[in-house]
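The values are calculated or read from the model by the stated rules, or taken from the named source; none is laboratory data. Because the structure is predicted, anything quoted here is derived from the model rather than measured. Cβ placement follows ideal geometry from the backbone for every residue including glycine, while neighbour counts extend to all protein chains displayed.
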Amino acid sequence: MRTDLVSEPGAATRPNEDFAGVGLPASGQGGCVIVLDGVTPPRGGTGCLHSVPWFTARLGGALTELTVSGRDLTLPEILARAIRRTADAHADTCDLSHSRTPQATVALARWSAAEVEYLVLSDAALLLRGPDGTVTPVLDDRLARLPRAALATEALVDAHLRNKEGGFFTAAADPAVAARAVTGVLPRHQVRALAALTDGATRWTEMFRAGDWTALFDLVAKEGARSLVERVRELEAADREERAFLGRSKTHDDATVVYVEP
């Protein structure tokens, strides 16, 4: 099995809120990939004593353990249990009902000799390459489908869109959100390689339009995950002043890429 993993913070002055992991069971049969993108809270608090990196580390750790050991569980069941386990770790000290309680987007894949299972929640991305070279993106596009006007203020997003019907969903403190994820199962022979990415890395395709999903996958497979992140940083720096692409977005975002040939 070949793996390539890079996770880089958007700025050296703040911690990386992403999480990435590759799990291999002791039996040597199958494996999993997990990528989380912690949601940076605005000023004004989250109702929680803990940081976003604290949350993504615990949710990511729970997902890794459960995905490797819980072969009898579906990926939505695993996500629900991991969310519950993480919530229980700070329910006594924090207000988990707060709309900005620490949360994350999720890309999760697990494979065996027979099949590949996948789950995506919010704007993380999972790319699957078939034996003929075709790249299929697995995306939860609910956030992208919302009108820009609806995302104008954080208060409006929190009140009407975040983890609400008609809006979008993230992994926060409610295990029921796992049922909202995009999921599926493919025969193992239909997946030759896969890549899981946070939106800080998918900017190359989704924001800057430097290439489509196939071109992005080819770049990672041939030149490595580090090369994709470096190219994103170059594009961000070039648009720092004009902001023709970045708009109101932060110049640099945490960027994580995991590439696997199972």
* Structure fact -> Screening 231, 226 for residues that are assigned to a helix (DSSP H, G or I), of a type in the set (D, E, K, R), on the phi < 0 side of the Ramachandran plot and surrounded by 15 or more Cβ atoms within 10 Å (Cβ to Cβ) leaves only 231
* Asked: Is it true that some residue in the range 213-221 is part of a helix (DSSP H, G or I) and among the small types (Gly, Ala, Ser)?
  -> yes
* Asked: Which of the residues that make up the range 1-30 are under 22 Å from residue 99 (Cα atoms) and either among the aliphatic types (A, V, I, L, M) or outside any loop (DSSP other than H, G, I, E, B) (or both)?
  -> 18, 19
* Given the conditions (1) of a type in the set (D, E, K, R); (2) in a loop (DSSP other than H, G, I, E, B); (3) touching an Asp or Glu at 6+ places or on another chain (Cβ under 9 Å), and given that residue 71 satisfies all but one, which numbered condition is not satisfied? -> (3)
* Asked: Which number in (1) under 30 Å from residue 92 (Cα atoms); (2) surrounded by 16 or more Cβ atoms within 10 Å (Cβ to Cβ); (3) among the charged types (D, E, K, R) marks the one condition that residue 165 misses?
  -> (2)
* Residues being in contact with a helix residue (DSSP H, G or I) (Cβ under 7 Å, 6 or more places away or on another chain) and over 23 Å from residue 73 (Cβ atoms): count how many of those fall in the range 157-198. => 6
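The rows are residues; the columns are (1) at pLDDT 95 or above; (2) of a type in the set (Phe, Trp, Tyr); (3) surrounded by 17 or more Cβ atoms within 10 Å (Cβ to Cβ).
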{"position": "19", "(1), (2), (3)": "yes, yes, yes"}
{"position": "23", "(1), (2), (3)": "no, no, yes"}
{"position": "28", "(1), (2), (3)": "no, no, no"}
{"position": "78", "(1), (2), (3)": "yes, no, yes"}
{"position": "92", "(1), (2), (3)": "yes, no, no"}
{"position": "100", "(1), (2), (3)": "no, no, yes"}
* Structure fact -> Given the conditions (1) of a type outside the set (Phe, Trp, Tyr); (2) in a helix (DSSP H, G or I); (3) closer than 18 Å to residue 120 by Cα, every one holds for residue 33 apart from (2)
* For the range 37-48, indicate whether the set of residues that are in a strand (DSSP E or B), under 25 Å from residue 253 (Cα atoms) and within 17 Å of the chain's Cα centre (by Cα) is non-empty. => yes
* Residue ID - nearest to residue 136 (Cα to Cα), chosen from residues in the range 202-224 that are of a type in the set (A, V, I, L, M, F, W, C), touching a helix residue (DSSP H, G or I) at 6+ places or on another chain (Cβ under 8 Å) and touching a residue at least 60 places away in the same chain (Cβ under 8 Å) -> 213
* **Residue ID - farthest from residue 20 (Cα to Cα), chosen from residues in the range 137-160 that are surrounded by 15 or more Cβ atoms within 10 Å (Cβ to Cβ) and touching a residue at least 60 places away in the same chain (Cβ under 8 Å)** => 154
